[in-house]
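These notes are about the structure you will find just below.
The values are calculated or read from the model by the stated rules, or taken from the named source; none is laboratory data. Quick caveat: nothing in here was measured; it's all calculated off a predicted structure. Cβ coordinates were reconstructed from backbone atoms using ideal geometry, including for glycine residues, and neighbour counts include every protein chain displayed. Areas reflect the complete protein model, heavy atoms only, side chains present, ligands, DNA and RNA absent. Shrake-Rupley method; radii C 1.70, N 1.55, O 1.52, S 1.80 Å.
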Amino acid sequence: MAVSGRKKGPVSPAVAGPVAVYPGSFDPITNGHLDIVKRALAVFPRVVVAVAFNPNKDSSLFTAEERVATIREALVEFGDRIEVDTFSGLLVDYAKRIEAAVVVRGLRAVSDFEYEFQMTMMNRHLAPAIETVFLMAGAQYFYTSSRLVKEVALFGGDVRAHVPPAVRRRLAAKLGTRLGRGRKRR
Ligand code: ADP
């Protein structure tokens, strides 16, 4: 399913160097994710942010289309160095299809390590030529997660430090909550 409407096949690099794919649920994208994307762009000429979705059973708050639109909006300043796409199925199959040589993942704390380690080893077993690279977000994002952001937003808490303004607005609309503190009074 081509939610984002990109043409199938390899990503054509504007600048020489390996294409990196940054996969995730991004439900929704947070400032921690954005920090990782920016760090990845300092290393790789092009980064494909790939929204994972399950066509049969997707328990995400935002649809894949909404997630793609939000990510595009948040990263518009990077032009064609960023591509936002969706995929279902195995990440390594998707990475091969778009000819990405590198998978980027983010690490917050030791708690991320076990899961990321297992997944990297499985991906390496399935596709030895694809390398996984880990980047660490800035310390201010160590406790930022999509799950916590959704929980806090659900009860009207202030998530401004954790998500870009467009995500905050979409969260409020989706959850029917107020935008949290800091709104202008009329
Ligand atoms: P997934 O559902 O695949 O874990 P997520 O959208 O939760 O996808 O996260 C995608 C990647 O970004 C994962 O590697 C995750 O560890 C990383 N990540 C998420 N939040 C942060 C953060 N605040 N700082 C650094 N990395 C993060």
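Each Cα pair under 8 Å and six or more residues apart adds its separation to the average, and for region 18-116 the resulting relative contact order is 39 percent. Among 90, 175, the sequence by solvent-accessible area, most first, with a 1.4 Å probe is 90, 175.
The charge dipole of the chain, taken about the Cα centre with unit charges on the Cβ atoms of Lys, Arg (+1) and Asp, Glu (-1), comes to about 960 debye, rounded to the nearest 20. Values of log10 I(q)/I(0) for the chain across q = 0.08, 0.09, 0.15 Å⁻¹ run -0.26, -0.32, -0.90, by the Debye formula with one identical scatterer at each alpha carbon and no solvent.
Per-residue Karplus couplings for region 137-142, computed as 6.51 cos²θ - 1.76 cosθ + 1.60 with θ equal to phi - 60°, are listed in order as 6, x, 4, 5, 10, 4 Hz, Gly and Pro entered as x.
With springs connecting C-alpha atoms under 10 Å apart, model the chain as a Gaussian network and identify which of 18, 164, 55 has the largest mean-square fluctuation. Greatest mean-square fluctuation among the candidates belongs to 55. Farthest towards the positive end of the charge dipole of region 19-142, among the residues 128, 102, 79, is the Cα of 128, using unit charges on the Cβ of Lys, Arg, Asp and Glu.
GNM remark for the chain: springs join alpha carbons under 10 Å apart, and the peak mean-square fluctuation among 35, 112, 27 falls on 112. Lysine pair count for the chain with Cα-Cα distance under 26 Å and sequence separation of 8 or more or different chains is 14.
The angle separating the long axis of helix 110-126 from the principal Cα axis of greatest extent in the chain is about 30 degrees.
Its relative contact order, with pairs defined as Cα atoms under 8 Å and 6+ residues apart, puts the chain at 26 percent. Helix 31-41 axis versus longest C-alpha principal axis of the chain: approximately 30°, rounded to the nearest ten.
Between helix 64-74 and the chain, what is the angle of the helix's C-alpha long axis to the longest principal axis, kept within 0 to 90° and rounded to the nearest 10? Approximately 80 degrees, to the nearest 10. Considering the chain as a Gaussian network with a 10 Å cut-off on Cα pairs, which listed residue, 94, 115, 143, attains the greatest mean-square fluctuation? Its mean-square fluctuation being the largest, the pick is 115.
Amide H contacts of residue 101: 19, each under 5 Å away and 5 or more positions distant or on a separate chain (H built 1.01 Å from N in the peptide plane; Pro and chain starts excluded).
Surface calculation, 1.4 Å probe, protein heavy atoms: residue 103 sits at approximately 10 Å² accessible. For region 40-124, the square roots of the Cα gyration tensor eigenvalues, ordered a ≥ b ≥ c, give a/c below 1.5, which places it in the rounded category.
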